[in-house]
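A.B. asks: Input: one structure, supplied below.
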Amino acid sequence: MIEKPFNQPQRQSIIGILLIFFSLSYKLFKGLWALLLLIIIKGPADNTLQYILIPLAVGFLLMIVYSYLYYSRFLFHVDYEKEEFVLTKGVFSTEKINLPFDKIQQVDIKRSILQRIIGVYSLTIDTAGSKSNEIQIRALKENDAKSLSNILTEAKVEGSTKDNQEGNTEFKENQKLANTWVYRIGTLGLLKVGLTKGFLRGFIIITTFIFSIYSKIKTNLEDATSLLEEKLTPFIDTNFHNFTLGIFLLIFVLLLSMLVTIGEVFIRYFNLQIKQTAHHIEVEMGLRTNTRITFQPRRLQRLRVRTNPIQQFFNLNEFVFSLASSENDLKNSKISVPGLSIEIIKKGKSFLYDGRLIKLDSFHKPHWLWFRRRILIIFILFSLLISSNLQYDFSNWNLLILISTISFIILVLYQWLLFQKMKFGFTEDFLIVKKGFWTKSEDIIELYKMEGVSIKQPFWYRKRNVYNLKFHTAGGDLTIRAVSDEFVKKINYLLYKVESTNKAWM
Amino acid sequence: MAAYFTNKEVSIASLPQYEQVNFHPISKNQRSKALTILLISFLFLLLPFIIFNQLILSDPLATFVSVFTLLFIAFKCVDVILKQSKYGYALREKDALFRRGYITTVTTIIPFSRIQHMAINQSLFDKLYGISTLKIYTAGGSSSDIAIPGLSPKIANSLKDAISKQVDSNDREAI
């Protein structure tokens, strides 16, 4: 028999002792920092040594012993025969965990800064139950972490494909193997993502630049103006000075915020890599904590593809994966991967959905009540804003009214465009929702993954037979507002799709 | 591409229509219970506050707050009375339906195969009026969970049994 890795009980990397010791010291420090501060402030007394330092030293010694014991009693191995992962741990009381392969939800590899320094990875095995059921091995060498993660994820696939009733799997398998790909995003790619992220910011920067150029031209013109204007210059100058100063300040703030965004993008997505293996999508990223997430298409509950015109120009698109989640960490289950080329988006979709066509042939649009509702909200907000300013004695009321009218019109136009762009519909296997005028997004939910649906009707919609719909999935909800009953009738098709399948959905 | 499954056209009109389901009403005691709670909160919380304010404090802000709260309670009373008729539940072969709300009427449909577990709750006031609440949980967040109030414990239990029977038979089919 070939020797399989991890089949014998083994310890984590020896450097793990250090990690255990550090986390213990940290806990001790957190408990005692007030006391330590007191000692430092008061200055060393005669009996400090006797009463503080000696117990502290003893405590440290005990902690070292405890760390060693914890390390040496932390044993794990893979039982290939029983198809489970076995972990024994505990210094005073021993805990033995047997985790069958088919209970494994997800295997992640992460690195904190400390782990980065000492060169180890932590491996987390998520199970179907609550958060307390998850297993964490905190110090593994890179090779061990990666191979163990691969073994567990592959084992899990074997376990689940066994009860996969669909025929023809072998053919599909081979096809999938042939189509694996890796996509990395380097520094330049991340820079592009950071620069094109917030559209509003980019938009404002451009307009302010134009403004400042315009004002420069104007000042140059002013130099050449006639004597007639010279009489007015004191007035213009002071005003102008303030104006340019304001613009510079604005640009400074905007550039700063842009830098912050770029920094954020770098921290979150450093060394971003997305990879498709035979059965999984693997995402690896992050500077501060290195995250690695591996999931099967089955676990994907909802997919969003997002882009904006500037990003489209640079061929940057974003995937947002919503995975099945336990109630406690809803936030964790959303993974966004920006900076992807359109080819990768296509390949990813085709892998995740078995190459089925995701295209809306006929779509629905929201009822015009959708638009009216938005306008009403904007109108109320504006009236509140203006009425709250009524008590102030403005010298230039006309200006205020002008500005608010213009911005009101712009907002209404924007909502109108949003309204025009919004479309949704069912295909044979999917619910697809497209929206957005600037930031365009496409949401895709496979119909059989739906957990339920809520049909809502406020009483002011009753007369017109208009509804709001909320689709529930294990990876979050999707709401569509103001739909006609023609679309609501198709809920029956959705239910038919969910209830006529017994495919595993998470 | 997808040659491994058959693909008959499904006409939506021929599918079972959820709109035609007859909803069962819930017990009228639910309304009585809700009104009792409102009455108690008025008598023991708001009324003492109003009296205290009128006799001793006479603060205009407190007056405003108490009038506002009074209006809110009145509004809640109307809501409780109106929404009683909107409460309704139904079981079909493969899913459970629950309708509630007057201002916004919400109908939630949960396929049996997506139900994780169920629970029956009975609060103090529920016991007083002999009713209970059946809670149905799904795997996702809490937004798709439903709680059917105003069921007599007997009905709640039999509903729970009926649903778990369906859930089990679904599981068996899946294996």
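The values are calculated or read from the model by the stated rules, or taken from the named source; none is laboratory data. These numbers come from a predicted model, not from an experiment. FYI the Cβ positions are ideal-geometry reconstructions off the backbone, even for glycines, and counts take in every protein chain you see.
A.B. asks: Step by step: first the residues of the range A:307-325, then only those that are surrounded by 21 or more Cβ atoms within 10 Å (Cβ to Cβ) and not in a strand (DSSP E or B), then the one that is modelled with the highest pLDDT. Which residue is that?
C.D. replies: So, considering only residues that are surrounded by 21 or more Cβ atoms within 10 Å (Cβ to Cβ) and not in a strand (DSSP E or B), the one modelled with the highest pLDDT is A:LEU316.
A.B. asks: Check the range A:346-359 and report whether any residue there is under 18 Å from A:LYS434 (Cα atoms) and surrounded by 21 or more Cβ atoms within 10 Å (Cβ to Cβ).
C.D. replies: The answer is no; no qualifying residue exists.
A.B. asks: Within the range A:483-506, count every residue that is more than 7 Å from chain B (Cβ to nearest Cβ) and under 12 Å from B:LYS94 (Cα atoms).
C.D. replies: Matching residues across the range A:483-506 total 3.
A.B. asks: Inspect the range A:455-468 for any residue being buried (at least 16 other Cβ atoms within 10 Å of the Cβ), in a helix (DSSP H, G or I), more than 8 Å from chain B (Cβ to nearest Cβ) and touching a residue at least 24 places away in the same chain (Cβ under 8 Å) and give the result as yes or no.
C.D. replies: Yes, there is a match, as at least one residue in the range A:455-468 is buried (at least 16 other Cβ atoms within 10 Å of the Cβ), in a helix (DSSP H, G or I), more than 8 Å from chain B (Cβ to nearest Cβ) and touching a residue at least 24 places away in the same chain (Cβ under 8 Å).
A.B. asks: Filter the range A:469-481 down to residues that are more than 9 Å from chain B (Cβ to nearest Cβ) and either of a type in the set (D, E, K, R) or outside any strand (DSSP E or B) (or both), then give me how many there are.
C.D. replies: 1
A.B. asks: Given the conditions (1) within 14 Å of another protein chain (Cβ to nearest Cβ); (2) touching a Leu at 6+ places or on another chain (Cβ under 9 Å); (3) at pLDDT 90 or above, and given that A:VAL433 satisfies all but one, which numbered condition is not satisfied?
C.D. replies: (1)
Okay, residues lined up against (1) free of Cβ contacts under 8 Å to residues at least 60 places away in the same chain; (2) in a loop (DSSP other than H, G, I, E, B); (3) closer than 20 Å to A:HIS364 by Cα:
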| position | (1), (2), (3) |
| --- | --- |
| A:ILE409 | yes, no, no |
| A:PHE419 | yes, no, yes |
| A:GLY425 | no, no, yes |
| A:GLU442 | no, no, yes |
| A:TYR448 | yes, no, no |
